[in-house]
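Heads up, the thing below is written out as structure tokens.
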Amino acid sequence: MTLSLSSVAKTYGDGTRALNPTDLEINPGEIISLLGPSGCGKTTLLRLIAGLEVPDNGANIRFGDEDVTRLPVEKRNVGMVFQSYALFPNMSVRDNIGYGLKMQRLPRAEIQSRVDEVIALCRLEPYANRAITALSGGQRQRVALARAFAPRPRLMLLDEPLSALDAALRLELRDELAALLRQFGTTVIFVTHDQDEALAIADRVAVMEGGKIRQIGTPEELYRNPQSAFVAEFVGHAMPLSGEIRQQTLCLEGGELPLPDHAGGGSVYVRAEDLRADPTGPLQAKVETVTFLGTHYRLGLTGLTGQRMFALHHGASSPAIGDNLRLSIAPDALICLPHS
Ligand code: ATP
């Protein structure tokens with residue numbers, strides 16, 4: 001089922017414009033992430049699609065050929081998983097998963113077979129008869145997903161489903177969730193403020209800021225070809241190389257850098273991993289901080305631009321604080337943005 005949004009906007013009762021008119025088309029089976037900082041309108045957009053909020057006049061939301069703009073939430077056949085999971089703590093895993101099917105008054109045998117199917121898919125067999133209170137955070141997350149999938153929704157909406165978990169488990173479940181969502185084959189819209197999570201799970205990411213989708217694309221497109229400073233910084237942690245451009249040369253406090261032909265005179269960005277220590281490099285900076293991160297060191301640098309910059313250093317030992325470091329940047333590692 002294709003999901004189409006046209007001019008979908010939301011102004012809350014107190015006058016807050018949470019979402020500007022938004023157009024979006026999502027293909028059948030696609031996993032889309034809504035990514036953006038707190039307050040950018042991602043939960044509002046998700047709730048409008050779910051039918052939990054009514055959009056401003058002029059909006060149109062279609063599930064395939066069906067206009068659902070004014071259809072109440074219970075008639076939309078969407079599955080939802082929220083950060084709190086909202087499971088029934090005293091019911092067993094099996095009863096939690098079967099709850100929605102029972103409400104739909106499906107025959108017992110049908111409920112049984114659908115519950116068994118999602119239990120197997122989510123690898124919950126060993127816990128099927130346990131109470132929710134006897135499960136770990138990661139197991140609860142899988143039950144919440146299984147419960148949402150059991151009624152075979154035409155669309156799955158997930159709002160920060162991993163945010164209740166600790167960092168290590170979050171990372172482990174991130175990859176598991178991506179695989180599981182693809183197995184279900186349903187169209188998924190997934191809200192997160194975590195860039196790595198969005199890039200790891202989604203087929204396409206819609207980057208939001210200030211109630212607008214700023215850019216939508218595959219993780220690779222967004223990372224390699226950001227169209228604005230906001231996307232470059234938010235998705236790729238890129239840092240501005242603030243300086244003056246004179247005849248295809250970027251003049252920085254710490255040296256001069258020839259620009260590739262496609263630079264076009266807009267602003268230039270670089271990522272920490274592309275700023276390399278190189279004794280013959282054209283740039284120079286002073287090491288101000290050194291942080292050991294296991295696989296590499298993160299260096300805080302001054303004197304390259306007006307702001308502090310960061311570089312990643314791979315090697316058995318790191319430069320020392322106070323060292324003057326020579327640096328280079330490969331021409332294809334420069335992110336050149338159009339004039340905004
Ligand atoms: P977060 O990541 O913090 O959940 P978000 O991107 O999901 O943020 P929304 O919850 O969609 O953002 O909120 C967008 C804007 O709308 C915010 O400025 C918020 O304060 C406002 N807002 C949200 N719900 C309401 C409401 N019921 N009434 C008035 N304003 C609201």
_So if I check each of Gln112, Gln83, which one is at pLDDT below 95, of a type outside the set (Ser, Thr, Tyr) and within 13 Å of the ligand (Cβ to nearest atom)?_
Gln83
_Return the pair list, or none, for Cβ contacts closer than 8 Å from residues in segment 217-245 that are without any contact (Cβ under 8 Å) to a residue 40 or more places away in the chain to residues that are among the aromatic types (Phe, Trp, Tyr), at least 6 apart or on different chains._
Glu233/Tyr269
*Conditions (1) farther than 23 Å from Ala232 by Cβ; (2) under 27 Å from the mean Cα position of the chain (by Cα); (3) in contact (Cβ under 8 Å) with a residue 24 or more places away in the chain: number failed by Gly294*: (3)
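Quick check on this structure: which one of Asn90, Asn57, Asn96 is away from the ligand (no atom under 15 Å from the Cβ) and more than 27 Å from Leu177 (Cα to Cα)? Break it down stepwise before answering.
Values: Asn90 fails: more than 27 Å from Leu177 (Cα to Cα); Asn96 fails: more than 27 Å from Leu177 (Cα to Cα).
After ruling out the rest, the residue left standing is Asn57.
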*Can you name the condition, by its number, that Glu25 falls short on among (1) more than 16 Å from the ligand (Cβ to nearest atom); (2) under 30 Å from Ala128 (Cα atoms)?*
(2)
*Determine the pairs where a residue that is aromatic (Phe, Trp, Tyr) and in a strand (DSSP E or B), located within segment 129-140, has a partner that is surrounded by 12 or more Cβ atoms within 10 Å (Cβ to Cβ) and modelled with pLDDT of 90 or more with Cβ atoms under 8 Å apart, the partner being 6 or more residues away or on another chain.*
none
*Specify the residue that is surrounded by the fewest Cβ atoms within 10 Å (Cβ to Cβ); the eligible residues are those in segment 10-22 that are within 13 Å of the ligand (Cβ to nearest atom) and closer than 17 Å to Gln215 by Cα.*
Asn20
*asked:* If I filter segment 68-80 down to residues being in contact with a strand residue (DSSP E or B) (Cβ under 8 Å, 6 or more places away or on another chain) and not in a strand (DSSP E or B), which single residue comes out as farthest from the ligand (Cβ to nearest atom)?
replied: Asn77
*asked:* Take Lys42 and tell me if it is over 27 Å from Leu165 (Cα atoms), crowded, with 19+ Cβ neighbours inside 10 Å and in contact (Cβ under 8 Å) with a residue 24 or more places away in the chain.
replied: no
*Can you name the number of the only condition in (1) without any contact (Cβ under 8 Å) to a residue 12 or more places away in the chain; (2) under 15 Å from the mean Cα position of the chain (by Cα) that Leu158 fails?*
(1)
*Which of the strands (runs of 3 or more DSSP E) contained wholly in segment 175-235 include at least 1 residues that are modelled with pLDDT under 95?*
187-192
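The values are calculated or read from the model by the stated rules, or taken from the named source; none is laboratory data. Keep in mind that what you see is a predicted model, and the values were worked out from it rather than measured. Note that we place each Cβ from the backbone using ideal geometry, even for glycine, and neighbour counts take in every protein chain shown.
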